[in-house]
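Asker: Supplied in structure tokens, the structure appears directly below.
The values are calculated or read from the model by the stated rules, or taken from the named source; none is laboratory data. Since we're looking at a predicted model, the values are computed, not measured. A quick note on method: Cβ atoms are made from the backbone with ideal geometry, for glycine too, and the neighbour counts reach across all protein chains shown. Ligands, DNA and RNA are stripped out before the accessible areas are found, and what is left, the full protein with its side chains, is counted by its heavy atoms. Shrake-Rupley method; radii C 1.70, N 1.55, O 1.52, S 1.80 Å.
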Amino acid sequence: MSAVPVAVGRRFAWPWQRVAAAATVLGVAVLYLAFRGQYVLPHDDDAGVFRALNTVRDWVDDNRNSSPVFLFFVNQIRLGVAVLFDTLQAVLQGIGWLGVTGAVGALALVLAGWRTALLAVAGFLAFGILGLWEESIDTLALTLTAVLLSLAIGVPLGILAGRSARFRRLITPVLDVMQIMPTFAYLAPMALFFLIGAPAAAIATLIYAIPPAIRITALGIREVPHASVEAATSMGSTRWQLLRKVQLPMAKRTIVLAVNQTIMMALAMVVITALIDAPGLGEPIIQALERVNVGGAFDAGLAIVIMAIVLDRLTVRASQRVDTRNQEGRSSSVTRRRALVLGATAGAGLAIAAGAATPQGRDFPESWFFSFAQPVNTVVDWVETNLFAVTDAVKNALTAWLLNPMQHLLTTAPWWLVVAVVFGLGLRVSGLGPALTAAACLTAVAALGLWQHGMETLTTVLVAAAITLAVGIVLGVVAGRSSRYAAVQRPFLDAAQTMPSFVYLLPAVALFGATRFTAIVASVIYAAPPVIRLVEEGIRGVPPTVVEAATAAGSTKGQLLWKVQLPMARHALLLAANQGIIMVLAMVVVGGLVGAGALGYDVVAGFAQREDFGKGLAAGIAIVLLGVMLDRITQGAGGRSAAEQAARHTG
């Protein structure tokens, strides 16, 4: 193995570093034993911070119709968004199921081809067959409202970021925070300023969905070949001509992908906004989850998955056809394309006219209804009857041997010791800046009066993240070393990554009931797909020459994995850890709906009960702080380890 030119990173290169690390661990253990149960900051539902936030809410309520800030800014935004949503909803409802299905089929035929058109028509018919046509149309209208606003704001900002490095550096930290912020955290401030309902839901969805629109558009502009830009500039093009005739056309496919990602993010968020009284498919899911009625939630969950798949395939296929047409040229298919557009437009027009003019085209036939609720509930009953002993044993074992001890450790340790450990961990893994940020975030959680609930949430996140990484690394490594297995696994990952987070709660509730362990299971299902993909990419990214050299030196498959592929894929593994932990946090707090408790439950309680508004808002802020803390520690690890390896190479 010594002949292989691989720098295998070791965390402690010198003996004194190992001694110092062991002494640090020993010191922390001694401090914990000495101060266990002291400085623990127990939870107080009547904390001063909660009362202060309730006062802010009361001030907002009292001044909503008199303060200039609300009269001329906040209220106007809410009314403008409401008008856009009401218009889209009225149009979609007005042309009926026949008009919507025909229009979507025609749009898919023109943009993405006949196969996608068939998929779109079948998908939209499925909404009606499931008896969820009106809820699906409300969700579609809300998604379109948020996507239109996100693109209207995000694409110009992305173009600006793509053309100005200074603006890109300015906006990047803001986008980082927006992307790591769990979805729950958006809802409380939106409800405070924009009231509950569709406008607040659309604005919360906009905030969640706009970062990919900005980032991917900027990437598309930056990837335009420098030679093309120089050639256009040398020919006297102005900045506007350069943008309109060179950069935007050449970045067209990337911008379509930005639209795809914005739609997927928006669709994932609009379901959750049902917690602030947004209409759509989220309502039946939340009602079913509250009643632990898995069958009742299955139909709505299936409708959301179908909508996600249709919109995803439509936009992805559209972007691929844009690329194909660019390569083939325009002249060879102009006549055929015009005929296709005219035929699709005529068909859509007829369907819309029939849908708007006839009751049969407006109201979906009830005789076509079909529900999976009863069969699913039958399966759930069978699982609960026959597999209860197994699932209950797994749940109890992990709770007793992992969850409870870790939660006891974190909640009985002095708060300052936990902050110090986080600072030391951040300093070791990511450097001084991220360490200070992580420690400051954790201190802020204590200042919010949510230390105990924060530690309980952190416990659940750490356990779920550990299981997620274990599953993700094993499956990612297998996929990275076997193309046949990767081909089998890929469709499952594609489907899993298009599902909104609420849907993952359903199988977890069916198997384990409403407990905090359910949130862990749902988090693992939710976060494992991206971890598997990143690990697979890391393993596949190891240069073949290095693998061949190690094999020629006599390495076994195990040695090749442990001493070559995993060390060289270290950056991808750390990125996978970062993404996995952040996604786990987002799902764990959603698990507050099914018995996970802690911060997630505080947020839900803040929506449901007026007197708990301050606690819910503070919990949302605490979730953001935990997300930033975990992100700063794990995100810096990749860059630091890469720098260390580079230093070892040069050294």
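Asker: For the chain, with every protein chain kept in place, what is the accessible area per residue (1.4 Å probe, Å²)?
Answerer: Each residue of the chain exposes 46 Å² on average to a 1.4 Å probe.
Asker: Equivalent-ellipsoid semi-axes (√(5λ), Cα gyration tensor) for the range 283-322, whole Å, largest first?
Answerer: Rounded to whole Å, the semi-axes are 31, 7, 5.
Asker: Calculate the FRET efficiency for LEU118 and ALA90 from the Cβ-Cβ distance with a Förster distance of 30 Å, rounded to the nearest 0.05.
Answerer: 0.60
Asker: Starting from the eigenvalues of the Cα gyration tensor, five times each then square-rooted, give me the equivalent ellipsoid semi-axes of the range 147-288, largest first, whole Å.
Answerer: 36, 14, 11
Asker: Note down the nm distance, to one decimal, between modelled labels 7 Å out along Cα→Cβ at ALA397 and at LEU342.
Answerer: Calculated label separation equals 6.9 nm.
Asker: If you don't mind, there's one more thing I want to ask. Could you grab the relative contact order for the range 349-480? Cα pairs under 8 Å, six or more apart, rounded to a whole percent.
Answerer: Relative contact order comes out at 19 percent.
Asker: On to the next question. Please label the shape of the range 115-221 as rounded, prolate or oblate, based on the square roots a ≥ b ≥ c of the eigenvalues of the alpha-carbon gyration tensor (a/c under 1.5 means rounded; beyond that, a/b larger than b/c means prolate, else oblate).
Answerer: Judged from the Cα gyration tensor, the range 115-221 comes out oblate (a/c at least 1.5, b/c at or above a/b).
Asker: Could I ask something else about it? With all protein chains present, how much of the accessible area of the range 514-619 (probe radius 1.4 Å) comes from carbon and sulfur, to the nearest whole percent?
Answerer: 62 percent
Asker: Let me ask something additional. Under the Kirkwood approximation applied to all pairs of distinct alpha-carbon atoms, what is the hydrodynamic radius of the range 24-73 in Å?
Answerer: 14.9 Å
Asker: Further, regarding this structure: The range 455-579: D in µm²/s via Stokes-Einstein (Kirkwood Rh, Cα pairs, 20 °C, 1.002 mPa s)?
Answerer: In µm²/s, the coefficient is 137.
Asker: May I ask you to give the percent of accessible area on the range 250-376 that is carbon plus sulfur, with a probe radius of 1.4 Å?
Answerer: 57 percent
Asker: Hey, another quick one. Hey, what's the Cα Rg ratio for the range 497-636 versus the globular rule of thumb, 2.2 N^0.38 Å?
Answerer: Ratio of Rg to 2.2 N^0.38 Å for the range 497-636: 1.37.
Asker: Taking the alpha-carbon set of the chain, what are its Rg and Dmax in Å?
Answerer: Radius of gyration, then largest Cα-Cα span, for the chain: 26.6, 83 Å.
Asker: Mind checking the range 217-317 for trypsin sites (Lys or Arg not before Pro) that DSSP puts in a loop (not H, G, I, E or B) and that have at most 16 other Cβ atoms within 10 Å?
Answerer: Those satisfying the criteria are ARG291.
Asker: Which FRET efficiency value, to the nearest 0.05, is calculated for GLN360 and THR385 with the Förster distance at 56 angstrom and r the Cβ-Cβ distance?
Answerer: My answer for the efficiency is 0.80.
Asker: Here is a follow-up. Length gain on complete extension for the stretch LEU79 to ASP277, per 0.36 nm per residue less the alpha carbon to alpha carbon distance?
Answerer: The LEU79-ASP277 span can extend by a further 69.6 nm.
Asker: Continuing with this model, one more query. With +1 on the Cβ of every Lys and Arg and -1 on the Cβ of every Asp and Glu, and nothing else charged, how large is the dipole of the range 218-367 about its Cα centre, in debye rounded to the nearest 20?
Answerer: Computed charge dipole of the range 218-367: roughly 1060 debye.
Asker: Is the C-alpha gyration tensor of the range 134-193 telling us rounded, prolate or oblate? Criteria: a/c under 1.5 is rounded; beyond that, a/b larger than b/c is prolate, otherwise oblate.
Answerer: Cα axes put the range 134-193 in the oblate bin.
Asker: Roughly how many percent of the accessible protein surface of the range 4-148 is carbon and sulfur, given a 1.4 Å probe and a whole-percent answer?
Answerer: That fraction is 70 percent.
Asker: To continue, here is another question. For VAL69 paired with ASP44, estimate the spin-label separation in nm (one decimal), with each label point 7 Å from Cα along the Cα-to-Cβ line.
Answerer: Distance between the two pseudo-spin positions: 2.7 nm.
Asker: At 7 Å along Cα-to-Cβ for each site, give me the label-to-label distance between LEU33 and THR238 in nm.
Answerer: 7.7 nm
Asker: Need the full-extension length gain, ARG291 to ARG169, defined as separation in residues times 0.36 nm minus the C-alpha distance. One decimal, nm.
Answerer: 39.2 nm
Asker: Which shape class, rounded, prolate or oblate, goes with the range 1-156 when its Cα gyration tensor gives a ≥ b ≥ c as root eigenvalues, a/c under 1.5 marks rounded, and past that a/b bigger than b/c marks prolate?
Answerer: Oblate, because a/c is 1.5 or more while a/b does not exceed b/c.
Asker: Okay, next question. Using the Cα atoms as the points, what is the convex hull volume per residue of the range 159-224 in Å³?
Answerer: About 85 Å³ per residue, rounded to a whole number.
Asker: Further question: Express the relative contact order of the chain as a whole percentage, based on alpha carbon pairs under 8 Å and six or more residues apart in sequence.
Answerer: Rounded, it is 22 percent for the chain.
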